[in-house]
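Since every read-out is calculated from the coordinates, none of them should be taken as a lab result. All figures in this text were calculated on a predicted structure; none of them were measured in a lab. Cβ placement follows ideal geometry from the backbone for every residue including glycine, while neighbour counts extend to all protein chains displayed.
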Amino acid sequence: MYEVDARGLSCPEPVMMTAAALKEHGNEDIKVLVSEPHCYKNVEKFAQSQGRKAEVHAVGSEFEVIITK
Amino acid sequence: MDLAKNKTTLLISGAILGLIAVILAATGNPGNMAFCIACFIRDSAGAVKLHTTATVQYFRPEIAGMLLGAFLIAVATKEYRSTAGSAPMVRFILGFIMMVGALVFLGCPLRMIIRMAAGDLNAYVGLVGFVAGIATGIVALKRGFSLGRSHETTSAAGAVLPIAWTFLFVLSLAVPALFALSESGPGSMHAPMILSLAGGLLFGIVAQRIRMCTIGGIRDLILTRNTDLFAILAGFFVIMLVGNIALDKFTVGFSGQPIAHAQHIWNFLGLYAVGFAGVLAGGCPLRQIILAGQGSSDAAVTFIGMFVGAAFCHNFGLASAAASAEAAGGPSTAGKVALIIAIAVTFVIGFMPKKK
């Protein structure tokens, strides 16, 4: 699984990093780490808009979004 | 209830916020200003005598309400996170620059929408500049611009601005003699305190839930074709438009608009600076207040940058004059020079070569 660490970054960087990961590692599942609730929602929505499935898990005070086909 | 559930709820939420602005304008806030973040911050800076322009001094309850509303709803929904450490001084400068741009245009992006909805064509010129600024910021982001990561910090740190600001607000009510209050001009025009406070609180709560951002709305449209945040702005615009028509305050034209000027190039460049600097800072002036309310010390520093910037704008004569029957208004020479320097600095921040 390809991992993107977007923790602590401002909007729209987490979404841009997710977009880049989908472009370059589109054949793999992708795990995106983010800190803020609005960031995971943005990443989740973006992944879904690209026809992917996205699952969100809380990890401590942060979040991971697992993006699968 | 999840206000951010879909486009319809976002549109309705935007309309609710528009309604707050309509009500505050109808009950005393200045014409076409209604709910302007830049104007409110500038008036508050005047109230604590950071500047002494007698016509724009009033400790606006809306700002206290928004900070507190965002703080309380973030705590209630467990979205409060105390974070800090992402290039604070760069954010301060970006906040400062946003204020220089906004006060040359005479309004933040929210007031741009309010002015657009009142038929002020100068605001449409500003919109073109705003979009161009956002597009420039996106180019910088695509080239790898980043302010770096923020980190979680002691829980109380994120509450400093909301609490300190609330204290100042209470002080302004308890010992008003400590504060300056305009007797004429925009600072003297305001809705009843309790309405302004309630409006600000509700605005802060709703804006936090729906992540409202005037820059994000356009940025996401360009960057990912996502229309969620844009829907909020559309709802806000439509209700303001309906309100202005109903209250007979809709007049199409460049001249005769309340607190505005028709210097096109400077209206364009003013909001160009706000759009560009705001993309780099991760949100518009309104969004910075909400982020500061939910625990971001970085956004709080951006807010302080706007607050100090507003004081500088008036102390150094950078803010534009509104057009009147006697004068065309617009920025002073100092204001023009400052804005050009501000834009140049934003380019340096956004396009500085990165360390490999």
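How large is the dipole of the range B:211-356 about the Cα centre if only Lys and Arg carry +1 and Asp and Glu carry -1, each at its Cβ, rounded to the nearest 20 debye?
On the way: 9 positive and 5 negative charges, 120 e Å.
Charge dipole, the range B:211-356, about its Cα centre: 580 debye, nearest 20.
Under unit Cβ charges (Lys, Arg +1; Asp, Glu -1), what dipole magnitude, rounded to 20 debye, does the range A:2-68 have relative to its Cα centre? Intermediate values should be presented prior to the final figure.
Numbers: 7 positive and 11 negative charges, 52 e Å.
That gives a dipole near 240 debye.
Need one word for the range B:204-336: rounded, prolate or oblate. Basis is the Cα gyration tensor (sqrt eigenvalues a ≥ b ≥ c); a/c below 1.5 gives rounded, then a/b vs b/c decides. Here the range B:204-336 falls in the oblate category. Once you have a ≥ b ≥ c as the square roots of the Cα gyration tensor eigenvalues for chain B, tell me rounded if a/c is under 1.5, and otherwise prolate or oblate according to whether a/b is larger than b/c. It comes out rounded by the Cα gyration axes. Computed about its Cα centre, the charge dipole of chain B is approximately 1100 debye, with only Lys, Arg, Asp and Glu carrying charge at their Cβ. For chain B, B:C108, B:C213, B:C284, B:C313 stand unpaired, since no other cysteine beta carbon lies under 4.7 Å from theirs.
Arranged from fewest to most other beta-carbon atoms within 10 Å of their beta carbon, B:D228, B:D120, A:D29 become A:D29, B:D228, B:D120. Each Cα pair under 8 Å and six or more residues apart adds its separation to the average, and for the range B:1-62 the resulting relative contact order is 19 percent. Bridging of B:K7 to aspartates and glutamates at a Cα separation below 12 Å is possible for B:D228, once same-chain residues fewer than 8 apart are set aside.
At 20 angstrom or more along the helix axis (alpha-carbon based) and mean Kyte-Doolittle of -1.0 or higher, what helices does chain B contain? Whole DSSP H runs only. Numbers along the way, then the final one.
On the way: long enough: B:7-26 (28 Å, 2.07); B:61-76 (22 Å, 1.91); B:88-105 (26 Å, 2.12); B:121-142 (32 Å, 1.65); B:160-174 (21 Å, 2.22); B:193-210 (25 Å, 1.73); B:228-246 (28 Å, 2.17); B:264-281 (25 Å, 1.40); B:297-315 (27 Å, 1.07); B:333-351 (27 Å, 2.16).
Within chain B the helices that satisfy the rule are B:7-26, B:61-76, B:88-105, B:121-142, B:160-174, B:193-210, B:228-246, B:264-281, B:297-315, B:333-351.
When the Cα gyration tensor is reduced to axis lengths a ≥ b ≥ c, the ratio a/c is 1.5 or higher for the range B:11-87, and with a/b not above b/c it is classed as oblate.
May I ask what percent, to the nearest 5, of DSSP beta bridges between residues of the range A:2-68 are antiparallel?
Around 75 percent of the beta bridges assigned by DSSP in the range A:2-68 are antiparallel ones.
By the rule of a C-alpha distance below 17 Å, with chain neighbours fewer than 8 residues away ignored, the lysines paired with B:K354 are B:K142. The smallest convex shape that holds all Cα atoms of the range A:2-68, its convex hull, gives 66 Å³ per residue. Given their separation in residues at 0.36 nm each and the Cα-Cα distance between them, B:I340 and B:T153 gain 63.7 nm when the chain is fully extended. Positive end of the dipole of chain B (Cβ unit charges, origin at the Cα centre): among B:Q288, B:G18, B:G317, the Cα lying farthest that way belongs to B:Q288. Using C-alpha pairs below 8 Å separated by at least 6 residues, the relative contact order for the range B:278-356 is 17 percent. By DSSP, the beta bridges lying fully in the protein assembly as shown are antiparallel in about 70 percent of cases.
Centre-to-centre, using Cα atoms only, the range B:303-356 and the range A:2-24 are separated by 33 Å. Based on Cα contacts under 8 Å between residues 6+ apart, chain A shows a relative contact order of 33 percent.
Look at where the Cα atoms of the range B:30-103 and of the range B:253-289 average out, and the two centres are 16 Å apart. Taking the charge dipole of the range B:7-351 about its Cα centre, with +1 at Lys and Arg Cβ atoms and -1 at Asp and Glu Cβ atoms, the residue from B:T346, B:A234, B:M99 reaching farthest to the positive side is B:T346.
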